[in-house]
1. Across bins of 10 angstrom width beginning at 0, how are the C-alpha pair distances of the chain distributed, in whole percent?
2. List, in order, the whole-Hz ³J(HN,Hα) value for each residue of segment 15-30 obtained from phi through the Karplus relation with A = 6.51, B = -1.76, C = 1.60 and θ = phi - 60°; use x for Gly and Pro.
3. Taking the Cα centre of the chain as the origin, how large is its charge dipole in debye, to the nearest 20, when only Lys and Arg (+1) and Asp and Glu (-1) carry charge on their Cβ atoms?
4. Return the carbon/sulfur percentage of the accessible area of the chain, one whole number, probe 1.4 Å, all protein chains in place.
5. What number, rounded to the nearest 500 deg cm²/dmol, is the helix-based mean residue ellipticity at 222 nm of the chain, given -39500 (n - 2.57) per DSSP H run of at least four residues and division by all its residues?
6. Taking 0.36 nm per residue of sequence separation and subtracting the Cα-Cα distance, how much length would be gained by fully extending the chain between I26 and T47, in nm to one decimal?
7. Can you give the local net charge around Y8? Use residues other than it whose beta-carbon is closer than 14 angstrom to its beta-carbon, Lys and Arg +1, Asp and Glu -1.
8. Taking only protein heavy atoms into account and a 1.4 Å probe, give the accessible area per residue of the chain in Å².
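The values are calculated or read from the model by the stated rules, or taken from the named source; none is laboratory data. Since we're looking at a predicted model, the values are computed, not measured. For neighbour counting, all protein chains shown are included, and Cβ atoms are generated from backbone atoms with ideal geometry for every residue, glycine included. Side chains are part of the model used for accessible areas, which takes the heavy atoms of the whole protein and leaves out ligands, DNA and RNA. Shrake-Rupley method; radii C 1.70, N 1.55, O 1.52, S 1.80 Å.
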Amino acid sequence: MKAEYSKYVLKAVGKKIKQLREKQNISQTQLAFECGISQVQVSRIETGEINTTIGTLSLIAKALDVGLDELFKFKVDL
């Protein structure tokens, strides 16, 4: 159950980042540049493939001009 929940959270955070990015018409490449990470890393975060650091999430939140807490605003449906 813990592994399943962890995967769910990774995917949910990634989906939230993608939604916020697209809402602001920002490309993955632009977001990556603002955060100092690669576009591939942004893609992998958005798809929940990797478990990124809080530091990277804080950079993403800043680049999207939202609070870090905004990235975790989603409903857990397990």
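1. 20, 58, 20, 3
2. 5, 5, 4, 4, 4, 5, 5, 5, 4, 9, 6, 9, 7, 4, 5, 5
3. Its charge dipole is roughly 180 debye.
4. Accessible surface attributable to carbon and sulfur in the chain totals 53 percent.
5. On the way: 4 runs with 48 residues, N = 78.
After summing the helix terms and dividing by the residues of the chain, the value is -19000 deg cm²/dmol.
6. 5.9 nm
7. Numbers: positive: K2, K7, K11, K15, K16, K75; negative: E4, E49, D77.
Net charge around Y8: +3.
8. Numbers: 5150 Å² over 78 residues.
Per-residue accessible area for the chain comes out at 66 Å².
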